[in-house]
Structures are given as structure tokens and as C-alpha cells.
1. Kindly provide the set of residues from segment 121-173 that are at pLDDT below 90, under 21 Å from ARG19 (Cβ atoms) and more than 22 Å from the chain's Cα centre (by Cα), ordered by number.
2. Any idea which of (1) touching a residue at least 40 places away in the same chain (Cβ under 8 Å); (2) over 23 Å from THR122 (Cα atoms); (3) surrounded by fewer than 16 Cβ atoms within 10 Å (Cβ to Cβ) is the one VAL39 doesn't satisfy?
3. So, LEU208, is that one modelled with pLDDT under 75, assigned by TED's automatic domain parsing to the domain that holds THR224, in a helix (DSSP H, G or I) and buried (at least 20 other Cβ atoms within 10 Å of the Cβ) or not?
4. Would it be correct to say that SER86 is among the hydroxyl-bearing types (Ser, Thr, Tyr), in the same structural domain as LEU116 (by TED's automatic domain parsing), touching a residue at least 12 places away in the same chain (Cβ under 8 Å) and part of a strand (DSSP E or B)?
5. So, of the residues in segment 89-115 that are in a loop (DSSP other than H, G, I, E, B) and modelled with pLDDT of 95 or more, which turns out to be nearest to PHE28 (Cα to Cα)?
6. Could you look through segment 116-143, keep only residues that are of a type in the set (A, V, I, L, M, F, W, C) and assigned to a helix (DSSP H, G or I), and pick out the one that is farthest from LEU44 (Cα to Cα)?
7. Can you tell me which residue in segment 258-284 is farthest from the chain's Cα centre (by Cα), limited to those that are of a type in the set (Gly, Ala, Ser) and assigned to a helix (DSSP H, G or I)?
8. When segment 224-257 is examined, which residues are found to be over 16 Å from PRO190 (Cα atoms), of a type in the set (Gly, Ala, Ser) and not in a loop (DSSP other than H, G, I, E, B)?
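The values are calculated or read from the model by the stated rules, or taken from the named source; none is laboratory data. This structure is a prediction, so every number in the text was calculated from the model and none was measured. All Cβ positions, even for glycine, are placed from backbone atoms using ideal geometry, and neighbour counts span all protein chains on display.
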Amino acid sequence: MATDAAEAVEMRGALMRLRRATGLPVAFGGLVEPGRRQVRISELNGTATAALSALAVSSGHGLGGKAVALARPCAVADYSSSRQISHEYDAAVAAEGLRSVLAVPVVVRRRVRGVLYGALRTAQPLGDRTLAAAVEAARDVEQSLVVRDEAQGLLAAAREPRTAEDLAGSADSVWERVREAHGALRALAPRVVDPALRAELLAVCDTLTAAPNPPAAARRVRLTPRELDVLACVAAGTTNAAAADRLGLRPETVKAYLRSAMRKLGAHTRLEAVVAARRAGLLP
């Protein structure tokens, strides 16, 4: 799976949003290199030169390195003359003609995973509104990385071979784990931006729900992806409100999907709908 490429797409989109939200003419950023305390600048937006491309910014050095070390946003009104930062990268910043610069870390589970920068070519303070918009762009990347990490963890768990101890356990316990994994995967899939990873998640869901010999009538039942998402939440025992929060929908929308699924399955209650969906091989 091209994880690095997918994360680069997330960064690229965040830089575009940062420029739109702040009005800053230049944005750039990169991810922390695995096993190292440095950020490699990989994405440029609005730059006039390649001076910043592939620049390695070490933790504690320069503005971005300070943001990495402190795990909080930092800004300077005039980069070259600022006494708040060290100046290892002045040449690259001057070559691009940048003066006022902000740096916002991308922090996932208390670990800095990258940095987003925004900059002006004039020396002036960057206001709170500009900094808040940059922080919001970084939060978007953080959420995407969290979803990706959770999805990959669930995929790994779903593929993990069962031990003899697992196989010796009760069938109910095994099925409960399968159903929990299925519900989590279905809830995550719509939030995954990377189409390859999303398709893989849904393929695993299909594998988990495969019924060997569903009745002929059950085979004719067709539910939409969102109807399945809602039913998976219902099967896990969630309320409509909890399902709405998990799926990023309104409670009224969840109710509508549930009513539609119940109608297609010929069910009169939530429990009947879950049982019918399992018989049809739509839920594990």
C-alpha cells in the first residue's frame, strides 16, 4: 500500500486549504521522517523557487524545528531577524523571499508527524485568525492520519492468523470479535480519503460477512453502503445517536437509512433487521 504517497496527498490538500483560509500566498510542509527527529519538506504551494524543496528541518532548529520540539504552533514576523529561532535555514528562506512565517505541527497521539508552514513575503505580524486557520488545516491532516492508522490496525488484526488458543475458544467469542471488527471497519471506510485503502477495508468487510449458503430470498436483498453502515452499528448495540456520531451523519438520517433497510429486509424491529441481514450474508 502506497502509504507515503497517500499521506503526501493529505498534506497537499491541507496546504491548499491553508492558503484559501488564511489568504497567505505561500504554503509548504512535510512529514517527520520515520525513525528521525526531522521534517523533510516535500510539498510546496505558491512558491516561486525550489529552494525549500526536500529541505531537512531538524527538531529544535529554525521555526519548523521549534514547532516540532515544542509540539505547538510558532510564528515570526520577520524570519531573518528573529531572535526566537535559530538560523540554519536562512539561505533557503531568503531565496524564496519569505519574511513572515508560521509553522504548525501535525500531532497524532502526542507524536509530531509533520509540519505545515504558511508565509508572507513581507515582514508583518500574523494575526490570531490566520494562526487559527492554519491550526485547523493541521487538525484535518491529524484526523486523516488517525483514521488511516486505525484502519491499518484493523486490517492487520483481521488478517492475523488465529492461534490454537483462539480456535479453542467459544464460537460465540470468536464471532463477537469478528462482528466488532466488521462494525469498526464499516464505520471507518467512508472517512478514508485514499480510495485504495477504502476499497481494501470494504473487501475485508465482504470477507467477514460471506455466508456459505444464504437462502435464495436473502440473496435478492440489496442494501446501500450507508444502510449497511447503519445496520452494522445497530448490530453492535449502538443507539441512533451514537451511530450518527460514529458515521458522521445526523440522527434523522440514520433513522431514514434504518427504516429503508428494515423495509427491504421485511423486518419490523431493529433486532429482526439484524437477524435478517445476517441470514442474507450482509452482516457477520
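1. none
2. Result: VAL39 fails condition (3) only.
3. Details: modelled with pLDDT under 75: yes; assigned by TED's automatic domain parsing to the domain that holds THR224: yes; in a helix (DSSP H, G or I): yes; buried (at least 20 other Cβ atoms within 10 Å of the Cβ): no.
No: the conditions fail for LEU208.
4. Working: among the hydroxyl-bearing types (Ser, Thr, Tyr): yes; in the same structural domain as LEU116 (by TED's automatic domain parsing): yes; touching a residue at least 12 places away in the same chain (Cβ under 8 Å): yes; part of a strand (DSSP E or B): no.
Taking the combined requirement at face value, the residue does not satisfy it.
5. Step one: filter segment 89-115 for residues in a loop (DSSP other than H, G, I, E, B), giving 89, 97-99, 109-110.
Narrowing further to those that are modelled with pLDDT of 95 or more: 89, 97-99.
Values: TYR89: 14, GLY97: 14, LEU98: 12, ARG99: 14 Å.
Per the criteria, the residue is LEU98.
6. Taking segment 116-143 and keeping what is of a type in the set (A, V, I, L, M, F, W, C), we get 116, 119-120, 123, 126, 131-135, 137-138, 141.
Now narrow it down to the ones that are assigned to a helix (DSSP H, G or I): 131-135, 137-138, 141.
Values: LEU131: 19, ALA132: 21, ALA133: 18, ALA134: 15, VAL135: 18, ALA137: 15, ALA138: 15, VAL141: 16 Å.
Here the answer is ALA132.
7. Taking segment 258-284 and keeping what is of a type in the set (Gly, Ala, Ser), we get 260-261, 266-267, 273, 276-277, 280-281.
Filter once more, keeping what is assigned to a helix (DSSP H, G or I): 260-261, 273, 276-277.
Details: SER260: 29, ALA261: 28, ALA273: 31, ALA276: 33, ALA277: 29 Å.
Here the residue is ALA276.
8. Taking segment 224-257 first, the residues over 16 Å from PRO190 (Cα atoms) are 234-242, 251-252, 255-256.
Subsequent filtering for residues that are of a type in the set (Gly, Ala, Ser) retains 235-237, 241-242, 256.
Correct list: ALA235, ALA241, ALA242, ALA256.
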